[in-house]
Amino acid sequence: MSSAASGRFATLFRWLGLTLVVLLALQLLAVLAVNGWGEESFRQLVSTTLITQSPMAFVGMLLMLIGARLDEPVPGRTPLRWFVTVVSGVLALLLLITIPVTISGDRALSDQANQALLAQSGQLAMARAQLENPQVIDQVILQGEQAGQIPADASEAEKQQIAKSFMGRQLQQAEDQLKQAENRRDLAANQRRIGGTGTALVLVAAFTLLALVAGL
């Protein structure tokens, strides 16, 4: 590769890298402009923004290092390398701080989901108990007769069988909804733990390594 072409690629890489770093700064600035540190939801939003947008800045600073190496093949501590070192170190520290915030938010969201599922499970248990309640069955029969779903000339045993079948279908639907809610809870918890806390840990290691490479 000629020196002229190398210089053009170096300039291109530096500007592309700087653009990606600026984009991260703008994303964080848009969130931090609200200034709601007293609210848990705001802290979670800052953490999520930092975790999801930091890989973009990592690629940007990697491009800047590549551009610096193309422009200056001999290793040396240039202002650009110092910039990458400092920014990488700051981002690694910020991501390290977000880990306990993410864990705390995950615990709070999990508690809320568990409470909602517990209430739904309690309602389901009450519905099962109503299958053996004669008064509830009589009410269902009366409502079914008024709606034309239960023939008025049917025997009492047939009416009870139809009412119990109707209640059983409703109970099955409620059980299916509970299982779906449990699956959504587990999926959301895995996404927060792996996609949130796990990603933050990987990014801390990546930015720390990048800072060391740029500073040496």
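Structure summary
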{"quantity": "Inter-site label distance for L212 and A33 at 7 Å from Cα along Cβ, in nm", "calculated": "3.8"}
{"quantity": "Degrees separating the helix 156-190 axis from the principal Cα axis of the chain, which is the longest one", "calculated": "10"}
{"quantity": "Highest-first arrangement of 163-173, 15-25, where packing means the average Cβ count within 10 Å", "calculated": "15-25, 163-173"}
{"quantity": "Between helix 199-215 and the chain: long-axis angle, C-alpha atoms, 0 to 90°, nearest 10", "calculated": "0"}
{"quantity": "Accessible-area composition of the chain, carbon plus sulfur, in percent [1.4 Å probe]", "calculated": "63"}
{"quantity": "Cα-centred dipole magnitude for the chain, charges only on beta-carbon of K, R (+1) and D, E (-1), debye, nearest 20", "calculated": "1340"}
{"quantity": "Convex hull projection area averaged over all views, the stretch 111-215, Cα basis, nm²", "calculated": "9.1"}
{"quantity": "Estimated 222 nm signal from helices in the chain, with DSSP H stretches of n ≥ 4 weighted -39500 (n - 2.57), rounded to 500", "calculated": "-30000 deg cm²/dmol"}
{"quantity": "Burial ranking of peptide ranges 175-186, 79-90, 134-145 (average Cβ count within 10 Å, highest at the top)", "calculated": "79-90, 134-145, 175-186"}
{"quantity": "Positive-end residue of F83, S104, Q180, charge dipole of the stretch 79-204 with Cβ unit charges", "calculated": "F83"}
{"quantity": "Reported label for calculated Cα extents along the principal axes in Å given (1) 53, 45, 29; (2) 56, 41, 29; (3) 97, 38, 27", "calculated": "(3)"}
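The values are calculated or read from the model by the stated rules, or taken from the named source; none is laboratory data. Here the structure is a predicted model, which means the values were calculated and not measured. Note that we place each Cβ from the backbone using ideal geometry, even for glycine, and neighbour counts take in every protein chain shown. When the accessible area is computed, the model is the full protein with side chains, heavy atoms only, and any ligands, DNA or RNA have been set aside. Shrake-Rupley method; radii C 1.70, N 1.55, O 1.52, S 1.80 Å.
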